[in-house]
Number of protein chains: 2
Amino acid sequence: MTSYLRTACFLLALSPLLKADEGMWLFNEPPPKLLKDKYNFDATPAWMEHVQKASVRFNDGGSGSFVSPDGLVMTNHHVGTDCIQKLGTKEHDYIKTGFAAAVPANEPKCSDLELNVLMSIEDVTAGVNAGITPEMDSSASERAQRANINAIEKESLDKTGLRSNVIMLYNGGAYHLYRYKKYTDVRLVFAPEKEAAFFGGDPDNFEFPRYDLDICFFRVYENGKPVKVEHYLKWSHDGAKEGDLIFVSGNPGSTARLDTVQHLEFLRDRSNPMVMTLLRRREVMLRVYSERDRENLRRAQDELFGVENSRKAYLGMQAGLQDPAIMELKRRQEQDLRDAVKRDPKLLEAYGGAWDAVGKTIEAAGEIYTDWYMLERGMAFHSKLFGIARTIVRLAQETAKPNAERLREYSEAGLESLKEELFSDAPIYSDLETLELGDSLGMYAEYEGMNNAQVRKVLDGKSPNARADELVRGTKLNDVAERKRLVAGGLKAIEDSTDPMIRLAVLVDPEARRLRRRYDDEVDQPRRQAYAKIARARFAVYGTNIYPDATFTLRLAFGEVKGYEENGKPVAPSTTIGGAFAHAADHGNQDPFHLPQSWTAHKAALNLSTPLNFVSTADIIGGNSGSPVINRGGELVGIIFDGNIESLVLDYAYSDTQARATSVHSAGIVEALKKIYNAKRVLTELGVN
Amino acid sequence: MTSYLRTACFLLALSPLLKADEGMWLFNEPPPKLLKDKYNFDATPAWMEHVQKASVRFNDGGSGSFVSPDGLVMTNHHVGTDCIQKLGTKEHDYIKTGFAAAVPANEPKCSDLELNVLMSIEDVTAGVNAGITPEMDSSASERAQRANINAIEKESLDKTGLRSNVIMLYNGGAYHLYRYKKYTDVRLVFAPEKEAAFFGGDPDNFEFPRYDLDICFFRVYENGKPVKVEHYLKWSHDGAKEGDLIFVSGNPGSTARLDTVQHLEFLRDRSNPMVMTLLRRREVMLRVYSERDRENLRRAQDELFGVENSRKAYLGMQAGLQDPAIMELKRRQEQDLRDAVKRDPKLLEAYGGAWDAVGKTIEAAGEIYTDWYMLERGMAFHSKLFGIARTIVRLAQETAKPNAERLREYSEAGLESLKEELFSDAPIYSDLETLELGDSLGMYAEYEGMNNAQVRKVLDGKSPNARADELVRGTKLNDVAERKRLVAGGLKAIEDSTDPMIRLAVLVDPEARRLRRRYDDEVDQPRRQAYAKIARARFAVYGTNIYPDATFTLRLAFGEVKGYEENGKPVAPSTTIGGAFAHAADHGNQDPFHLPQSWTAHKAALNLSTPLNFVSTADIIGGNSGSPVINRGGELVGIIFDGNIESLVLDYAYSDTQARATSVHSAGIVEALKKIYNAKRVLTELGVN
């Protein structure tokens, strides 16, 4: 008890670790006391299980939820865009026109969409660290951990048939095994026009007030039939109002709240600027391409949206890191923990060196960062076809090894998903491929200099654009059958292949692998070990009632519907459908502030005071897109689609002063489905017609 | 004669220095023999003088010509945009609507436009180098040259009252004194809508076929009355047709054809990538700002156009430098000259070390490039208000020194133009200033790291955006009277000023000046000396009938109206007005392929087969925008407004395979003025109604 008291004391005195509605909580380690104390809410195991199993992860980077017993899934339009765009053709641009399947038979299958539903979580920290001794060097311990993880995943897959992923938490402080039910037959049911879903476009993105119907519906099939699910969220017609407690169940992508200050400075001064430079480069390239004609726009718009969205998100994150006040807060928090460790000789002995150890990995990362980013992370080869070539080459190499020794992404447990993606027949556009590959090769040459030996090997005596043209023209990897042939043929087929993209992937592989090895040995693994120590120090000092950084796995956040102040003026917590029309008029109804014809045509029928979007204090971040917003009763009251600019700093530190999560309101969805889209079939399933 | 023969022999054997229509010729050193031999044209002194004095330089970066005896000047719409935009208000956006003054009294004055007409050129190489001895170090020789130049310019100004600039040619091989008649009362007469002037927008920029009416008309006033000019270009109604010889008289901005290979590699691997990263960053920022609402767009569009235009130009230039074939050509040419120097012991002794000397300056530049670019070139402070603050601070410091010792841009001869710009009442928009300054401060922090001492001093403990907000909010430099007060108060006023922007300019000045000093001493001056040697070596080996790299001074180019081949298909040399309508229809009349209402309304009246744009082999580059295209008879047959993508490589090497200069056709201009714009007053002055 003394220890507990001391901890509580530190909590108050030193480091107000948890602020108000902070937290992206693990479903197996929720904060019942916190919810009880602040909101008088009982997070019963049954409630938790229901929400967990009604939640859906979109594997390409988003969240969603079951909203009917017949496998109807709701997510954001911008999460569904990849599929919606790929279902289109030059003649049918569903992003522009929207889509509604009149009958189930008209629901078209997405070419490469995988959904996951989390079935169980198990702490496997001991198993992952089994056999690791302090004497082992980074490389040996990394290999041992990798072997353990691959074995745990394989065993789980064999035993349960479920997708099994070991997730590193607390930057290495713990490892949990996540088992997912996996769905790969996902079909499009309904999507509004992009003009409604992304009304206000890039200018309004990450802003509030906001007026977007950023939703779409898919249906999950199994064995050719709609899947029957036990856990789905019932629809709340009225939705949430100001002051209501709400929950968000989704998959926040990644945060860096537990990073050391030196680590954050590396993000701020080195890696974020590099990523942002890359994003702006892609944005300009894709904009120019998209403006040339409408078909170009259709082909590129999903990627362009993603790039613009990331650019704006990074801008907000970077503004946070460049704010001395935030860095000072992080510095103080770090100092508090380090001081506490120093005061306890045992803690000092065990964890005192961890911060410097992280520092050493930052220096090591600095040395190889550019090369590693270009070659191993593949930024030099911005091309779907190159990605396919590399996967085929490495698949042959890795599957020739025992499971324990393979690169993480080629371990037995993940092969099925990997092959589904590899053999997707989603269209690949040669003109766009050539443009993107040429541009990224040019960028590579600029970072390293044209005289760099590796650059010269890659370019093969040609200009970046000419080399890209030659590669895209010459490859046959556009053909799924050819991919399958090469995979079936294994190492021998790779060796014999004269496909120029395969040859390029083979050419760069030794250097790319060398960089990865170095990065694993000198950065990732020692960093994991050091952070594991910091995590244990934090547990020892502050107790275990904390949550780990986001890892694109299911988390529970909570908060209340609440406005905020901006430039001294109050911002109301919700907007209305009528507000959307007013906002359009304020901007002369000019693109991207142009509402689709379906909205203007049905304006008279609409109840303009129906809530459309609202904000809450829930602790969310990118990856939460499409997450259901749920009330005490477990009903769906909205769907997360954004956060305001001020929320982007949540990557590094929670705040509820101005940071807000933005959702579409359940009542606004129903009003639009009824009166604008006449989407009776969906409404019937939601039980609200 | 032997020497000449040997030279000619080298010319053929080694280095085909001049290709076909290559050359941006000095008006005092034209190529009469070349023109006589190839085109049987006599470039008489009278013809040359007429063209020279009818040509006009737009000081903010463009060209134009007198087209009536009453001071009517034609240039490109995109050259005039800065003035047209500044004349607008939230209520009147002349960029969008176009502009036509019904009577002379309605011609509004541009706030800060200066036009120059070249009156004479004088070789002052000896004077500039007077007193320079081989024993002097870079710093001493630079000071001596600067003193000589300042004295020459001052003496010329005092004697003639003309704007007098000593221009460095052949990278330091020669210095010529240019004397200009300067006009600062310039008023807008006519401009079409941007939709017509820049039809096809960024996607069509640097492309051909093209369909732009990229023109506008200004009038030059003196003493409140239209200036009467002796030399103006008569209008050719029919214009030029395929195969015609044409001349271009204008101010190409800068080329790097005489740069060493190592220098070109520095451009390719270091400075171009940095500039392009900056351009993309600005482009994205300005796009986002412009999309927020129409008034934002009006405020930012001139800068946005400039940035997009530069980005595309750099992309083309960089593609040239990244093309191993072009670099190989440059390498061979350099090797040929170096071999020739090696074969002659005298040349070897005098010039043999010049290439390595250039190399040393490249290394020196590499060391300080980022700091210098950020602080002295001011990229860290992307703000009109900061620019004003720096000019005020330096003006006080420099004018306190003798003329001979001043920084180049504060020498006596240039003060009048400098003050006119400084005291311009062109609007400055605080929101845009804050955005741009915040973004550039953030960029500076990213390049140097937030912990850099100079960065910390600049940011003063705030985030880049907060610092920008504080600076823009706090400064009074928006007020022209305050600028005048500070300038009148000299050093004392600067010292006493608490204006935060002035204080920032004072704060960074010592370090900025230190970097400039280093750059001058270790890069610019030794490079100039080394290039002067290479230039003399080139004269010795190949003779003097060559032209210097472009320096934004008046040059004469020539060529013929001629199509080319692209992807195996012929591209016709000209387009028609009818083609513009077809091009719009091909793109669904969607912006930026939307023709203005004035065009569609008058379509029936137009002769659709009238030529609109045409291409020629003339050797032009950025800065030539607005240059008159002239026939043998000295009549105006068109106006340069662009070059195709393939022409961008002309920065480094001339080619007439695909590179083409793009012009608006004189007949197309007349047809549009008559039937679309009913611009009778202009037509009467042109003598074509």
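Filter region B:360-377 down to residues that are within 9 Å of residue B:512 (Cα to Cα) and among the charged types (D, E, K, R) and give me whichever is surrounded by the fewest Cβ atoms within 10 Å (Cβ to Cβ).
B:377
Kindly indicate which of A:284, A:288 is in contact with a helix residue (DSSP H, G or I) (Cβ under 7 Å, 6 or more places away or on another chain), at pLDDT 95 or above, under 30 Å from residue A:426 (Cβ atoms) and in a helix (DSSP H, G or I).
Result of the check over A:284, A:288: A:284.
If you take just the helices (runs of 4 or more DSSP H) that sit entirely in region A:382-488, which of them hold at least 1 residues that are under 28 Å from residue A:89 (Cβ atoms)?
Here the list reads A:384-399, A:415-422, A:430-448, A:464-474.
Considering each of A:155, A:142, A:207 in turn, give the residue that is among the acidic types (Asp, Glu), touching a residue at least 12 places away in the same chain (Cβ under 8 Å) and either within 30 Å of residue A:540 (Cα to Cα) or more than 14 Å from chain B (Cβ to nearest Cβ) (or both).
Numbers: A:155 fails: touching a residue at least 12 places away in the same chain (Cβ under 8 Å); A:207 fails: either within 30 Å of residue A:540 (Cα to Cα) or more than 14 Å from chain B (Cβ to nearest Cβ) (or both).
Going through A:155, A:142, A:207 in turn, the sole match is A:142.
So, residue A:331, is that one away from chain B (no Cβ under 11 Å) and either part of a helix (DSSP H, G or I) or touching a residue at least 40 places away in the same chain (Cβ under 8 Å) (or both) or not?
So residue A:331 fits the description; yes.
Mind checking which residues of region B:25-47 are at pLDDT 95 or above and buried (at least 19 other Cβ atoms within 10 Å of the Cβ)?
Matches in region B:25-47: B:25, B:26, B:27.
What single numbered condition from (1) among the charged types (D, E, K, R); (2) at pLDDT 95 or above; (3) buried (at least 17 other Cβ atoms within 10 Å of the Cβ) fails to hold for residue B:528?
(2)
Kindly check whether there is at least one residue in region B:309-323 that is without any contact (Cβ under 8 Å) to a residue 12 or more places away in the chain, surrounded by fewer than 20 Cβ atoms within 10 Å (Cβ to Cβ) and part of a helix (DSSP H, G or I).
Scanning region B:309-323 turns up no residue that is without any contact (Cβ under 8 Å) to a residue 12 or more places away in the chain, surrounded by fewer than 20 Cβ atoms within 10 Å (Cβ to Cβ) and part of a helix (DSSP H, G or I).
Kindly indicate whether residue A:418 is within 13 Å of chain B (Cβ to nearest Cβ), over 14 Å from residue A:374 (Cα atoms) and in contact (Cβ under 8 Å) with a residue 24 or more places away in the chain.
no
Every residue in region A:218-260 that is aliphatic (A, V, I, L, M), touching a helix residue (DSSP H, G or I) at 6+ places or on another chain (Cβ under 9 Å) and assigned to a loop (DSSP other than H, G, I, E, B), please. Step through it out loud before you land on a result.
Taking region A:218-260 as the starting set, the residues that turn out to be aliphatic (A, V, I, L, M) are A:220, A:227, A:229, A:233, A:240, A:245-246, A:248, A:256, A:258.
Next, from what is left, pick out any that are touching a helix residue (DSSP H, G or I) at 6+ places or on another chain (Cβ under 9 Å): A:229, A:233, A:240, A:245, A:256, A:258.
Scanning region A:218-260 gives A:229, A:233, A:240, A:256, A:258.
Criterion first (within 14 Å of chain A (Cβ to nearest Cβ), free of Cβ contacts under 8 Å to residues at least 12 places away in the same chain and within 15 Å of residue B:196 (Cα to Cα)) does residue B:589 satisfy it?
yes
Looking only at region A:334-359, filter to residues that are buried (at least 16 other Cβ atoms within 10 Å of the Cβ) and within 22 Å of residue A:521 (Cα to Cα); which one of those is farthest from the other protein chains (Cβ to nearest Cβ)?
A:351
Run residue B:292 past the list (1) within 30 Å of residue B:77 (Cβ to Cβ); (2) more than 12 Å from every other protein chain (Cβ to nearest Cβ); (3) basic (Lys, Arg) and report the number of the one that doesn't hold.
Just one mismatch for residue B:292, condition (2).
Could you list, in sequence order, the residues of region B:203-217 that are crowded, with 21+ Cβ neighbours inside 10 Å and not in a loop (DSSP other than H, G, I, E, B)?
The answer is B:204, B:216, B:217.
Which of the residues belonging to region A:592-616 are away from chain B (no Cβ under 14 Å) and aromatic (Phe, Trp, Tyr)?
Once the filter is applied, which keeps residues that are away from chain B (no Cβ under 14 Å) and aromatic (Phe, Trp, Tyr), region A:592-616 yields A:599, A:614.
Which residues, taken from region A:660-679, are among the β-branched types (Val, Ile, Thr) and either surrounded by fewer than 24 Cβ atoms within 10 Å (Cβ to Cβ) or outside any helix (DSSP H, G or I) (or both)?
Answer for region A:660-679, where residues must be among the β-branched types (Val, Ile, Thr) and either surrounded by fewer than 24 Cβ atoms within 10 Å (Cβ to Cβ) or outside any helix (DSSP H, G or I) (or both): A:662, A:664, A:670, A:676.
Right, residue A:634: surrounded by fewer than 24 Cβ atoms within 10 Å (Cβ to Cβ), touching a residue at least 12 places away in the same chain (Cβ under 8 Å) and either among the β-branched types (Val, Ile, Thr) or at positive phi (or both) or not?
Values: surrounded by fewer than 24 Cβ atoms within 10 Å (Cβ to Cβ): yes; touching a residue at least 12 places away in the same chain (Cβ under 8 Å): yes; either among the β-branched types (Val, Ile, Thr) or at positive phi (or both): yes.
So residue A:634 passes the test.
One residue is enough: does region A:234-242 have a residue meeting the conditions under 21 Å from the mean Cα position of the chain (by Cα), away from chain B (no Cβ under 14 Å) and at pLDDT 95 or above?
No, the conditions are met nowhere in region A:234-242.
Residue under question is residue A:688, and the condition is that it be surrounded by fewer than 24 Cβ atoms within 10 Å (Cβ to Cβ), aliphatic (A, V, I, L, M) and within 18 Å of residue A:217 (Cβ to Cβ); does it hold?
yes
Counting just the residues of region A:438-458 that are without any contact (Cβ under 8 Å) to a residue 40 or more places away in the chain, surrounded by fewer than 24 Cβ atoms within 10 Å (Cβ to Cβ) and more than 8 Å from chain B (Cβ to nearest Cβ), which one comes out nearest to residue B:262 (Cα to Cα)?
Taking region A:438-458 as the starting set, the residues that turn out to be without any contact (Cβ under 8 Å) to a residue 40 or more places away in the chain are A:438, A:442, A:445-446, A:449-453, A:455-456.
Now drop any that are not surrounded by fewer than 24 Cβ atoms within 10 Å (Cβ to Cβ), which leaves A:446, A:449-453, A:455-456.
So of that shortlist, the ones also more than 8 Å from chain B (Cβ to nearest Cβ) come out as A:452-453, A:455-456.
Numbers: A:452: 14, A:453: 17, A:455: 18, A:456: 17 Å.
The residue in question is A:452.
Residues in region A:258-279: is at least one modelled with pLDDT of 95 or more, over 30 Å from residue B:452 (Cβ atoms) and not aromatic (Phe, Trp, Tyr)?
No: region A:258-279 contains no residue that is modelled with pLDDT of 95 or more, over 30 Å from residue B:452 (Cβ atoms) and not aromatic (Phe, Trp, Tyr).
Suppose the filter is modelled with pLDDT of 95 or more, in a helix (DSSP H, G or I) and either closer than 30 Å to residue A:314 by Cβ or within 14 Å of chain A (Cβ to nearest Cβ) (or both); does residue B:378 pass it?
No, not satisfied.
Please go through region A:626-658 and give me each residue that is touching a Lys or Arg at 6+ places or on another chain (Cβ under 8 Å) and among the charged types (D, E, K, R), ordered by number.
A:635, A:642, A:646, A:651, A:656, listed by residue number.
For residue A:89, which of the numbered conditions (1) touching a residue at least 40 places away in the same chain (Cβ under 8 Å); (2) closer than 29 Å to residue A:66 by Cα; (3) among the hydroxyl-bearing types (Ser, Thr, Tyr) fails to hold?
Condition (1) is where residue A:89 drops out.
Please count how many residues of region B:491-506 are outside any loop (DSSP other than H, G, I, E, B) and either free of Cβ contacts under 8 Å to residues at least 24 places away in the same chain or under 32 Å from the mean Cα position of the chain (by Cα) (or both).
As a first pass, look at region B:491-506 and keep what is outside any loop (DSSP other than H, G, I, E, B): B:491-496, B:500-506.
Of the ones still in play, those that are also either free of Cβ contacts under 8 Å to residues at least 24 places away in the same chain or under 32 Å from the mean Cα position of the chain (by Cα) (or both) are B:492, B:495-496, B:501-506.
The total comes to 9.
Sort out which residues of region A:94-109 are in a loop (DSSP other than H, G, I, E, B), of a type outside the set (Gly, Ala, Ser) and modelled with pLDDT under 95, and write them in order of number.
Within region A:94-109, just A:103 meets the criteria.
Could you list all residues from region B:176-204 that are touching a Ser or Thr at 6+ places or on another chain (Cβ under 8 Å) and among the aliphatic types (A, V, I, L, M)?
B:177, B:196
The values are calculated or read from the model by the stated rules, or taken from the named source; none is laboratory data. Predicted model, so just to flag it, every value in this text is computed and none were measured. All Cβ positions, glycine included, derive from the backbone under ideal geometry; neighbour counts span all protein chains shown.
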